[in-house]
Amino acid sequence: MSILITNIGELVGADAERWVIEDAALVIDGDRIGWAGPVAAAPAADEVVDAGGRAVLPGFVDSHAHLVFAGERAEEFAARMSGRPYAAGGIRTTVAKTRAASDDELRAGVRRLVAEMVRQGTTTIECKSGYGLTVADEERAVRIAAELVDEVTYLGAHVVPNGTDAADYVRLVAGEMLEACAPYARWIDVFCERGAFDADQTREILAAGRAAGLIPRLHANQLGHGPGVRLAVEYDAASADHCTFLSDEDVAALADSETVATLLPGVEFSTRQPYPDARRLIDAGAKVALATDCNPGSCYTSSMAFCVALAVREMRMTPEEAVRAATEGGARALRRTDVGHLRPGARADVLLLDAPSHIHLAYRPGVPQVARVWRSGLPA
Ligand SMILES: [Zn+2]
């Protein structure tokens, strides 16, 4: 089954030399991109879709989300907006509700959010555990995530559960819990932050994760300066996520590494915190991705388009930089070469915008602009 999308006003990410091609066409061949080029040279296909001059982009790659949870925290958000600062402890509220939920309730919650993301043009989804914090509850979270998303991250080290000694908990996360979760996960993550896990604890957990075959990624430098970013680089993490409070040394370390700086501006929006400085990272030569951090506490958006708009408005990124960070940047942060672009051979994750160019994602914030989505070549 092949689909020719023709009369594309602006085709994004389909050519290694030119990020944007005008007056283009694209062929989906099964679950892959089969061909991309000028309309006049387009081959025949089983089905033809007329884009009518609109833009076609790679589906968004959301490389950071926490989707396995029960309940929500709207009241906490309302309180925070009326002046109470965000503290990591709010996670524990969601932990209690998540432990009390059935497998089917958790599965339904993930399904609902995945569907919500796909409707908004996201076609690759990463999801972390971290609201279980017992061996059985973390194993359950990664097992359910593995059924429903593309990339699964074991985040037993989200926060130390109430009434537990921190050293004992780190041993559990790096031992029995890791052993139970590793079969379902590709990644290991630690919330390396004051009030969560310190440098030594982070090292112990990342080292154990690596020994179990998982690849590190890290929650780093969200709430203040700290060792997270430099640990991410030291452990060759695929990504250091948040990067809100960075020293010059942190920026230089990222720029000299393959570790992607994943920026999550929905969090700063939803917690009324200063935004990370994407311009400083890009100008220094660091690789940057954008993701939602969709979670019930610090940021309950699933919209990559909203993050693109924030990145342009608040983080000094150009629309092109922001859209690239939300597609190929996210793919790099997940060490994936088959998504985040539309070059022949890529997974056929295609977003037809109801707009003539990618700029409209930032130019028209909050406006639904997704006309059609194909995921692995199938209409989503
Ligand atoms: Zn997160």
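Quick check: anything in the range 178-193 more than 20 Å from the chain's Cα centre (by Cα) and outside any helix (DSSP H, G or I)?
The answer is no; no qualifying residue exists.
For residues in the range 111-132 being part of a helix (DSSP H, G or I) and in contact (Cβ under 8 Å) with a residue 40 or more places away in the chain, which is nearest to residue 152 (Cα to Cα)?
The selected residue is 114.
Among the candidates 320, 258, 268, single out the residue that is part of a loop (DSSP other than H, G, I, E, B), touching a residue at least 24 places away in the same chain (Cβ under 8 Å) and farther than 13 Å from residue 60 by Cβ.
Just one listed residue meets the conditions, 258.
Say we look at the range 222-236 and pick out the residues that are within 14 Å of the ligand (Cβ to nearest atom) and in contact with a strand residue (DSSP E or B) (Cβ under 6 Å, 6 or more places away or on another chain); which of these is nearest to residue 293 (Cα to Cα)?
Residue satisfying both the conditions and the ranking: 222.
With the requirement that a residue be buried (at least 19 other Cβ atoms within 10 Å of the Cβ), part of a loop (DSSP other than H, G, I, E, B) and modelled with pLDDT of 95 or more, what does the range 278-302 give you?
286, 287, 291, 292, 293, 296, 301, 302
Evaluate the range 290-297: report whether one residue or more is within 16 Å of the ligand (Cβ to nearest atom) and aliphatic (A, V, I, L, M). Quick ask: steps written out before the conclusion?
Our first condition is that a residue be within 16 Å of the ligand (Cβ to nearest atom); within the range 290-297, this holds for 290-297.
Pick out the ones that are also aliphatic (A, V, I, L, M) and you get 290-291.
Yes, the range 290-297 contains a residue that is within 16 Å of the ligand (Cβ to nearest atom) and aliphatic (A, V, I, L, M).
Residue check: is residue 239 within 14 Å of the ligand (Cβ to nearest atom) and in contact (Cβ under 8 Å) with a residue 24 or more places away in the chain?
Yes: the conditions hold for residue 239.
Name the single residue, out of those in the range 251-260 being in contact with a Gly (Cβ under 9 Å, 6 or more places away or on another chain) and crowded, with 22+ Cβ neighbours inside 10 Å, that is nearest to residue 237 (Cα to Cα).
Top of the filtered list is 260.
Does at least one position in the range 84-91 carry a residue that is aromatic (Phe, Trp, Tyr) and out of contact with any helix residue (DSSP H, G or I) (no Cβ under 6 Å at 6 or more places or on another chain)? Break it down stepwise before answering.
First, pick out the residues of the range 84-91 that are aromatic (Phe, Trp, Tyr): 86.
Restricting the remaining residues to those that are out of contact with any helix residue (DSSP H, G or I) (no Cβ under 6 Å at 6 or more places or on another chain) gives none.
Among the residues of the range 84-91, not one is aromatic (Phe, Trp, Tyr) and out of contact with any helix residue (DSSP H, G or I) (no Cβ under 6 Å at 6 or more places or on another chain), which makes the answer no.
Would you list the strands (runs of 3 or more DSSP E) that sit entirely within the range 1-110 and hold 2 or more residues that are closer than 28 Å to residue 264 by Cβ?
Working: elements: 2-12, 20-29, 32-38, 47-50, 55-58, 60-62.
Correct list: 2-12, 55-58, 60-62.
For residue 180, all conditions in the list (1) within 16 Å of the ligand (Cβ to nearest atom); (2) touching a residue at least 40 places away in the same chain (Cβ under 8 Å) hold save one; what is the number of the exception?
(1)
Do you know which residues across the range 150-177 are away from the ligand (no atom under 16 Å from the Cβ), outside any loop (DSSP other than H, G, I, E, B) and not aliphatic (A, V, I, L, M)?
Correct list: 168, 169, 171, 176.
Would you mind stating whether residue 108 is of a type outside the set (Val, Ile, Thr) and either closer than 30 Å to residue 4 by Cα or in the same structural domain as residue 26 (by TED's automatic domain parsing) (or both)?
Taking the combined requirement at face value, the residue does not satisfy it.
With the requirement that a residue be of a type outside the set (A, V, I, L, M, F, W, C) and surrounded by 18 or more Cβ atoms within 10 Å (Cβ to Cβ), what does the range 162-179 give you?
Selection gives 169 alone.
Looking at 33, 91, 28, which is the one that is within 16 Å of the ligand (Cβ to nearest atom) and either free of Cβ contacts under 8 Å to residues at least 60 places away in the same chain or crowded, with 16+ Cβ neighbours inside 10 Å (or both)?
Exactly one residue qualifies, and that residue is 91.
Where the second residue is basic (Lys, Arg) and buried (at least 17 other Cβ atoms within 10 Å of the Cβ) and the first is over 8 Å from residue 350 (Cα atoms) and lies in the range 361-377, which pairs have Cβ atoms under 6 Å and are six or more apart or on separate chains?
376/347
The values are calculated or read from the model by the stated rules, or taken from the named source; none is laboratory data. The model shown is predicted, which means the values in this text are computed figures rather than measured ones. Quick reminder, even Gly has a Cβ in these numbers, built from the backbone with ideal geometry, and neighbours come from all protein chains shown.
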